[in-house]
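Contents: one structure, followed by commentary.
Taken together, the values in this text are just the output of simple stated rules run on the coordinates, not laboratory data. Note that the coordinates shown come from a computational prediction; the quantities given were computed from them, not determined experimentally. Quick reminder, even Gly has a Cβ in these numbers, built from the backbone with ideal geometry, and neighbours come from all protein chains shown.
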Amino acid sequence: MARSVWKGPFVGGNLLKKSETARASGRNDVIRTWSRRSTILPQFVGLTFGVYNGHKFIPVLVTENMVGHKFGEFSPTRQYSGHTADRKGKRE
C-alpha cells in the first residue's frame, strides 16, 4: 500500500543532514546509509550514496530519473547464481 500524500515522502533525518553537509563541502564523498526505505528527493541528485544491502555498501549515483524511488530499489539484496540444471547441461 502506498504512503498517504498528505504525509509526504519518508526520508531519514540523518540522511538529509548528511546530504546537506556533503553539498556544502563540495567534495564528492560517498554518503553511507542503512535507510533503504528512504525516498530519493530532488536535492539528492548528483550525490553518491552507499546503500547497505545486508553485506556491503553498494554505491548509487543519484540521477533525475531516480527521484521518487526508494534507495532499496537500487541495491539488490539477493544474488542470483542461476539454475542448477543449467550448470549440468553446460558441463557435458
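Between Asn14, Asn65, which is at negative phi and either surrounded by 10 or more Cβ atoms within 10 Å (Cβ to Cβ) or touching a strand residue (DSSP E or B) at 6+ places or on another chain (Cβ under 9 Å) (or both)?
Exactly one residue qualifies, and that residue is Asn14.
Name every residue in segment 24-37 that is of a type in the set (Ser, Thr, Tyr) and over 12 Å from Ser75 (Cβ atoms), in order of residue number.
Selection gives Ser25 alone.
Would segment 68-86 turn up any residue that is among the acidic types (Asp, Glu), farther than 30 Å from Val5 by Cβ, surrounded by fewer than 16 Cβ atoms within 10 Å (Cβ to Cβ) and touching a helix residue (DSSP H, G or I) at 6+ places or on another chain (Cβ under 9 Å)?
no
Restricting attention to segment 1-38, which residues are of a type in the set (Lys, Arg), over 13 Å from Gly50 (Cβ atoms) and touching a residue at least 12 places away in the same chain (Cβ under 8 Å)?
Arg23, Arg37 - these are the residues of segment 1-38 that are of a type in the set (Lys, Arg), over 13 Å from Gly50 (Cβ atoms) and touching a residue at least 12 places away in the same chain (Cβ under 8 Å).
Would you please name the residue that is surrounded by the fewest Cβ atoms within 10 Å (Cβ to Cβ), looking only at residues in segment 31-55 that are more than 13 Å from Lys18 (Cα to Cα) and of a type in the set (Gly, Ala, Ser)?
Gly54
Restricting to segment 16-67, and then to whatever is over 26 Å from Ala2 (Cβ atoms) and of a type in the set (Asp, Glu), can you tell me which residue is nearest to the chain's Cα centre (by Cα)?
Per the stated criteria, the residue is Asp29.
Could you please find all residues in segment 22-35 being polar (S, T, N, Q) and either touching a Leu at 6+ places or on another chain (Cβ under 8 Å) or under 11 Å from Leu47 (Cα atoms) (or both)?
The answer is Asn28, Thr33, Ser35.
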